[in-house]
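What follows draws every value from the coordinates through simple rules; no lab data is involved. Owing to the predicted nature of the structure, the values given are computational and were not obtained by experimental measurement. Note: ideal-geometry Cβ built from the backbone for every residue, glycine included; neighbour counts use all protein chains shown.
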Amino acid sequence: MILVLVAVFFVWCGTTVKLGEYTCLGHVKRIWDSEETKDLREGVKEKATSETTKELVDDMKDSARPVVDRVKRGVKAGVEEADKPAEDSRSAAEEPPAEPAPQD
């Protein structure tokens, strides 16, 4: 509840409190709409969708595949081990408790 109130407070401040000629959100909008930012967005989009980037991502997936397989095998072995009935707990339950040593 407090988090919602804080978020509402920041939105209210960002839209109503003037920081110079514009509000905070007004400044952000003007920056987002500037020519430099548009150029930056287009450059990032081109780089992210280029074939070189796709090849690098595929290479990273291929190099990570053995590690992922080892982790999966380890988790599977751990689950199988945890599902096994414990030998020590069964044998301890079947044995009568040890008699205390006589005290002098």
Which ³J(HN,Hα) values in Hz, rounded to whole numbers, follow from the phi angles of the range 21-37 under the Karplus curve 6.51 cos²θ - 1.76 cosθ + 1.60, where θ = phi - 60° and Gly and Pro get x? 7, 10, 7, 4, 5, x, 5, 4, 5, 5, 5, 4, 8, 5, 5, 4, 5
For the range 10-20, take each phi angle, set θ = phi - 60°, evaluate the Karplus expression 6.51 cos²θ - 1.76 cosθ + 1.60, and give the result in whole Hz per residue in order, putting x for glycine and proline. 5, 5, 4, 4, x, 9, 10, 7, 7, 10, x
Which whole-Hz ³J(HN,Hα) couplings does the range 54-64 yield from phi under the Karplus relation 6.51 cos²θ - 1.76 cosθ + 1.60, θ = phi - 60°, glycine and proline marked x? 4, 5, 5, 5, 5, 4, 5, 5, 5, 6, 8
Which lysines does LYS38 reach when only Cα atoms under 27 Å apart count, and residues fewer than 8 places away in its own chain are ignored? LYS18, LYS29, LYS47, LYS54
Could you tally the net charge around GLU80, taking each other residue with its Cβ under 14 Å from the Cβ of GLU80, Lys/Arg +1 and Asp/Glu -1? +2
Would you please put 32-39, 7-14 in order of how densely packed they are, using the mean number of other Cβ atoms within 10 angstrom per residue and starting with the highest? 7-14, 32-39
Exposure proxy order (Cβ contacts within 10 Å, fewest to most) of LYS84, LYS47: LYS84, LYS47
